[in-house]
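The structure under discussion appears below in the form of structure tokens.
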Amino acid sequence: MSIKFAPWPILALAAVLYVTAGCDDTAAGAAKDTKEISQDVEQGADRAAESTSEAARSAVAATVLTPEIKGAIVANPLLNDPGNAINVESDETSVRLTGTVKTEEMKDTAGQIAQRILDEQHASQALSNELKVVG
């Protein structure tokens, strides 16, 4: 009587041991991948929040600073002159005064008013006084 030895049960057992041994690595790898993905999502959320914050600052500049500066300029008796055409534009980085005034004193006064309001609002925008004297 001869005993035949079949190699396939040994191969099957080796395959099971190989797959089972890899489970710890696979679980650790999945945990690492999950952590990396979570960090990527968190960084993306931070960038989105920063963009939203920048957009909000720009909106504040347009809805608060521009009309406040324009109103203060119009309320000033020296500047409230039909011969002046003063425009105020603002965004998250700057406030620009453009247009025309009759005198250098009017240009300086408009710039001082705008700067005073920026200071009062603790605004970080830079003032650019581009008014042209035409009188």
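Readers should treat all values here as calculations from the given coordinates under stated rules, not as data from a laboratory. As the structure is a prediction and not an experimental result, all values here were calculated from the model. Positions of Cβ are generated from backbone atoms using ideal geometry, with glycine treated the same way; all protein chains shown enter the neighbour counts.
Worth pointing out:
- The set of residues in region 84-135 being within 15 Å of Val64 (Cα to Cα), small (Gly, Ala, Ser) and either in contact (Cβ under 8 Å) with a residue 40 or more places away in the chain or in contact with a Pro (Cβ under 6 Å, 6 or more places away or on another chain) (or both) consists of Ala114, Ala123.
- Top-ranked residue in region 121-135 [being surrounded by 13 or more Cβ atoms within 10 Å (Cβ to Cβ) and within 21 Å of the chain's Cα centre (by Cα); ranked as nearest to Glu104 (Cα to Cα)]: Leu127
- Thr100 meets the conditions (1) farther than 13 Å from Val134 by Cβ; (2) outside any loop (DSSP other than H, G, I, E, B) in every case but one. The failed one is (1).
- Count of residues meeting criterion [outside any loop (DSSP other than H, G, I, E, B) and either out of contact with any Leu (no Cβ under 8 Å at 6 or more places or on another chain) or closer than 13 Å to Gly135 by Cβ (or both)] in region 70-85: 6
- Among residues of region 65-94, those that are among the small types (Gly, Ala, Ser), in contact with a helix residue (DSSP H, G or I) (Cβ under 7 Å, 6 or more places away or on another chain) and within 13 Å of Ala110 (Cβ to Cβ), counted: 1
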